[in-house]
Amino acid sequence: MSETIAVSELSTPQQPCPPPDSVTLSATRVGVLTFLCSEAVFFATLLIAYVTYRGATLHGPTPETSLSLPLAILDSVFLLSSSVAIGLAVKAFDRSDVPRFTRWMLVTIVLGSLFLCGTAYEWYQLIVHDGLTISRNLFGTTFFTLIGFHAAHVTIGLGVMSLLLWKRRRGDLAVDSEAPEMVSWYWHLVDTVWIVIVLVVYL
Amino acid sequence: MAIAEPTIESPAPPLVTRLHGWVTTVDHKRIGLMYLMMSLFFLVLGGLEVIWIRMQLWSANNTLVEADTFNQLFTMHGTTMIFFVVMPMIAGFANYLIPLMIGARDVAFPRLNAFGFWMSLFGGMILYLSYFTGEALYGAGSAPDVGWFAYAPLTSPAYSRGSSVDYWILATLVSGVGTLTFAINLIATIVSMRAPGMAIGKLPLFVWMMLVDAWLIVFAFPPFTAAQVMLLMDRHLGAHFFDTQAGGSAILWQHLFWFFGHPEVYIMALPAFGIISEVVPVFSRKVIFGHTTLAMSTTAIGFISMGVWAHHMFTVGLNDGLDAFFSAASFLIAVPTGIKIFNWTATLYGGRLRLHTPMLFALGFLSMFLIGGLTGVMLAAVPVDWQVSDSYFLVAHFHYVLFGGSLFALMAGLYYWYPKATGRMLDETWGKWHFWLQLIGFNLTFAPMHISGLMGMPRRVYTYQAGQGWEIWNQISTVGGFVMGAGFAVMFVNLLWSLQRGRIAGDDPWDAWTLEWATSSPPASYNFETIPIVRSRRPLWDKKHPEDPDWIHE
Ligand code: HEM
Ligand SMILES: [Cu+2]
């Protein structure tokens, strides 16, 4: 048999074993954090494109003529409170309070869906009433790309949350699962991106 | 009669079963090997393309290929070499080695790892499927012909009819997703799965540099993805990101592309630095000089490389202030790179050098990369760049860096770690033939390009007029290309021959010091029977020399 090392061979008995690194993040946490970094960079790029072309639109609807700040604020209320809700859900999950967890997750999903409804209404107005499309002008191009990707992220988030709830019902979600907290991290990022969007696009 | 001993050796399973095992594997070592095989496969394709390029440029007014075909050839060549040769080779080495080097049993997310590999491979397949589209859907089709940087507005629906550009976008997009998952997995593995005692400062330098490399991927690839998405929107949904007629900007593409493209150059270079930092000390029989400065300069390179992208755009006509800033930042990056060269040289100095093939390739890397680095500093000077940008001088520069740098180092790694993965040594005689053919061929190919470039030969021209004095330099280049091709042929023969016939390697053929050599060759699927405990940067040295272990001195 080929030689493999036993612990004792590489460590010297007289020396105590070196202490493990004090901060240990689980691989899942590190992985999700890294992934969220890449997501943030992706959105930053879309935002840069939006800012680059702000004011470059010569014909057709512009942000000033078409965007509704009150609607954006209403949407923000939905999304921001959903971030709070998912936080409470994770807290409940940590205390193994399953009914509470389920309830707050449902609240999160409902708020997220309301946000999507707001976006849908906004797009309906823009497309049907203002005639703004992705090909109409640069505003349409950058706006729909940016908001579209954000809404897609919201949708994916809602899907994952529903999956979590479903797994919980089937009893597939371990009590010490990191999944709820990871989903909440993702959701907070989507929320943060929205705040930046409101500051850059709607104000 | 005694009962027959149960045989431990079961007969080899049928081929289909074995192939099925490979296709469904989530073992980091097998995935690593698949990345390497993919890379070698595309190396053949990229090499064949460049042989056509070189034959076309053999003489003035040559008509071997048409202008259109030539455009496709250099586009496919560049795209292939970068995305489907160098990147998968890096991913292959990292996947195979890093869990072994940090004393882990696998990567953090084995299934994600397999996903990343298959995305990369599918990307490559998409790229080459474009060749089969012929007179495709919209009438034009066939391989992309817009260069590996796909500058706007050449890629707009107006100038690139048909679907060839879409193949290019999808190929790089899909493989980019694969690369991103690879990087995320790598970071999670290195951060949270190190063996007890392996503090971050005790990481082998290859692992350290791959960690920085993975972070560069995380920050550089998403902007590229976003740019590709925008381009797809332009092409299929009538958006105007890069449509100058509607107020869009061709320069935005260049910014986004090079914000990815420049760090990408370092994403290909850092792993090479890592390999050299493992090979040089082992074959010099010395501790690496300046472990900490090597690690710190890597971090510095990581940061600076994010801030120099516009040195690819000096000829676009940015304003003088921007040019000056990006020029200065580019000079700056020579400092940490110079520190590295100094450290490697200092490690060589006074060492007992063993000139085995891995070491030869490492020395080849050092000298070729130095030349590429020097011409890089020249190009960072704006007035020089204005003169020679988009000439063959530039082609010479980036090949000295990418090929003389990256690929030579990856070859060093191939010869160094092949015994670990296969249990057999690569043949030294053939290895040396490979090395000399490649070194001589490389210099014959690319050194003359400096001259033809300075004489004004633009890159990406499919032919040229006689009487400008370019012919002789092109002919030398072409001869060099064939010499290099011969070198690679020797390499392939060696790889295959040694798999069956190579000398049995044993666990630690080079008398090395890092953990991957502590387990068997090839390692069992679980890597280590017991997880090793680490006390110094050279855990295997400690084991071999209990009377003078490293941790006393560190
Ligand atoms: C790791 C290996 C290599 C890499 C990463 C690489 C990368 C590249 C890249 C990025 C380009 C730019 C394409 C463009 O301008 O659109 C290029 C062009 C070129 N390469 Fe390579 N290459 C490699 C190997 C080779 C070899 C082996 C040869 C010759 C035998 C070669 C000869 C050329 C030539 C002649 C061009 C110029 C095409 C043109 O712009 O007109 N390359 N390569
Ligand atoms: Cu650069």
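The values are calculated or read from the model by the stated rules, or taken from the named source; none is laboratory data. For clarity, every value in this text was computed on a predicted model and none was experimentally measured. No Cβ is skipped: glycine too gets one built from the backbone with ideal geometry, and neighbour counts run over all protein chains shown. Side chains included, ligands, DNA and RNA excluded: accessible areas come from the protein's heavy atoms. Shrake-Rupley method; radii C 1.70, N 1.55, O 1.52, S 1.80 Å.
What tally of residues in region A:156-177 results from selecting those that are open to solvent by 50 Å² or more (accessible area, probe 1.4 Å), in contact with a helix residue (DSSP H, G or I) (Cβ under 7 Å, 6 or more places away or on another chain) and modelled with pLDDT of 95 or more?
Of the residues in that region, 2 qualify.
Quick check: is even one residue across region A:129-141 surrounded by fewer than 19 Cβ atoms within 10 Å (Cβ to Cβ), more than 14 Å from chain B (Cβ to nearest Cβ) and without any contact (Cβ under 8 Å) to a residue 60 or more places away in the chain?
Yes, region A:129-141 has at least one match.
State which residue is farthest from B:G373 (Cα to Cα) when the search covers only region B:325-340 and only residues that are surrounded by fewer than 18 Cβ atoms within 10 Å (Cβ to Cβ) and free of Cβ contacts under 8 Å to residues at least 40 places away in the same chain.
B:F325
Name the helices (runs of 4 or more DSSP H) wholly within region B:385-477 that hold at least 2 residues that are within 16 Å of ligand 2 (Cβ to nearest atom) and either open to solvent by 30 Å² or more (accessible area, probe 1.4 Å) or touching a Ser or Thr at 6+ places or on another chain (Cβ under 6 Å) (or both)?
So the answer is B:392-401.
Which of the following residues is among the hydrophobic types (A, V, I, L, M, F, W, C), part of a loop (DSSP other than H, G, I, E, B) and within 10 Å of chain B (Cβ to nearest Cβ): A:A44, A:A56? Spell out the reasoning first.
Details: A:A44 fails: part of a loop (DSSP other than H, G, I, E, B).
Sole residue among the options that is among the hydrophobic types (A, V, I, L, M, F, W, C), part of a loop (DSSP other than H, G, I, E, B) and within 10 Å of chain B (Cβ to nearest Cβ): A:A56.
Need the failing condition index for B:K544 against (1) of a type in the set (K, R); (2) in contact with a helix residue (DSSP H, G or I) (Cβ under 7 Å, 6 or more places away or on another chain); (3) within 11 Å of chain A (Cβ to nearest Cβ); (4) open to solvent by 60 Å² or more (accessible area, probe 1.4 Å), just the number.
(2)
Check off (1) at pLDDT below 95; (2) part of a helix (DSSP H, G or I) for B:M125 and give me the number that stays unchecked.
B:M125 satisfies all of (1) at pLDDT below 95; (2) part of a helix (DSSP H, G or I) except (1).
Right, B:L322: within 16 Å of ligand 2 (Cβ to nearest atom) and surrounded by fewer than 16 Cβ atoms within 10 Å (Cβ to Cβ) or not?
It is true that B:L322 is within 16 Å of ligand 2 (Cβ to nearest atom) and surrounded by fewer than 16 Cβ atoms within 10 Å (Cβ to Cβ).
Among the numbered conditions (1) away from ligand 1 (no atom under 16 Å from the Cβ); (2) of a type outside the set (F, W, Y); (3) surrounded by fewer than 24 Cβ atoms within 10 Å (Cβ to Cβ); (4) part of a helix (DSSP H, G or I), tell me where B:V287 comes up short.
Among (1) away from ligand 1 (no atom under 16 Å from the Cβ); (2) of a type outside the set (F, W, Y); (3) surrounded by fewer than 24 Cβ atoms within 10 Å (Cβ to Cβ); (4) part of a helix (DSSP H, G or I), the lone unmet condition for B:V287 is (4).
For (1) among the aliphatic types (A, V, I, L, M); (2) within 14 Å of chain A (Cβ to nearest Cβ); (3) within 21 Å of the chain's Cα centre (by Cα), each residue gets a yes or a no:
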{"site": "B:A114", "(1), (2), (3)": "yes, no, yes"}
{"site": "B:F122", "(1), (2), (3)": "no, no, yes"}
{"site": "B:W148", "(1), (2), (3)": "no, no, yes"}
{"site": "B:P153", "(1), (2), (3)": "no, no, no"}
{"site": "B:S164", "(1), (2), (3)": "no, no, no"}
{"site": "B:A171", "(1), (2), (3)": "yes, no, yes"}
{"site": "B:G176", "(1), (2), (3)": "no, yes, yes"}
{"site": "B:I187", "(1), (2), (3)": "yes, yes, yes"}
{"site": "B:P196", "(1), (2), (3)": "no, yes, no"}
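Here are B:L379, B:L374, B:L318, B:L363: which of them is within 16 Å of ligand 1 (Cβ to nearest atom) and either among the aliphatic types (A, V, I, L, M) or free of Cβ contacts under 8 Å to residues at least 12 places away in the same chain (or both)?
Numbers: B:L374 fails: within 16 Å of ligand 1 (Cβ to nearest atom); B:L318 fails: within 16 Å of ligand 1 (Cβ to nearest atom); B:L363 fails: within 16 Å of ligand 1 (Cβ to nearest atom).
Selected residue: B:L379, the only one of B:L379, B:L374, B:L318, B:L363 that is within 16 Å of ligand 1 (Cβ to nearest atom) and either among the aliphatic types (A, V, I, L, M) or free of Cβ contacts under 8 Å to residues at least 12 places away in the same chain (or both).
Test each condition in (1) of a type in the set (S, T, N, Q); (2) within 16 Å of ligand 1 (Cβ to nearest atom); (3) in contact with a Pro (Cβ under 7 Å, 6 or more places away or on another chain) for B:N474 and report the one that comes out false.
The one condition B:N474 does not meet is (3).
Can you run down the residue pairs with Cβ atoms below 8 Å, 6 or more apart or on separate chains, where the first is in region B:289-303 and farther than 20 Å from B:Y266 by Cα and the partner is open to solvent by less than 40 Å² (accessible area, probe 1.4 Å) and of a type in the set (G, A, S)?
Once the first residue is farther than 20 Å from B:Y266 by Cα and sits in region B:289-303, its partners that are open to solvent by less than 40 Å² (accessible area, probe 1.4 Å) and of a type in the set (G, A, S) give B:F289/B:A346; B:G290/B:A346.
Within region B:486-520, count every residue that is assigned to a helix (DSSP H, G or I), in contact (Cβ under 8 Å) with a residue 24 or more places away in the chain and within 26 Å of the chain's Cα centre (by Cα).
The qualifying residues number 15.
Given the criterion within 26 Å of the chain's Cα centre (by Cα) and away from ligand 2 (no atom under 16 Å from the Cβ), identify the matching residue among B:P546, B:P523, B:P532.
B:P523
Residues to consider are A:S76, A:S8, A:S22; find the one that is open to solvent by less than 70 Å² (accessible area, probe 1.4 Å) and either at pLDDT 80 or above or not basic (K, R) (or both).
Only one candidate passes the filter, namely A:S76.
If you take the residues of region B:231-272 that are polar (S, T, N, Q) and away from ligand 2 (no atom under 16 Å from the Cβ), which of them is nearest to the other protein chains (Cβ to nearest Cβ)? Steps first, answer last, please.
Taking region B:231-272 first, the residues polar (S, T, N, Q) are B:244-245, B:249, B:254.
Checking the rest, the ones that are also away from ligand 2 (no atom under 16 Å from the Cβ) come to B:244-245, B:249.
On the way: B:T244: 11, B:Q245: 11, B:S249: 7 Å.
Selected residue: B:S249.
Listed here are the residues, each with its yes/no results for (1) open to solvent by 10 Å² or more (accessible area, probe 1.4 Å); (2) within 12 Å of ligand 1 (Cβ to nearest atom); (3) at negative phi.
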{"site": "B:A60", "(1), (2), (3)": "yes, no, yes"}
{"site": "B:M81", "(1), (2), (3)": "yes, yes, yes"}
{"site": "B:A94", "(1), (2), (3)": "no, no, yes"}
{"site": "B:L97", "(1), (2), (3)": "no, no, yes"}
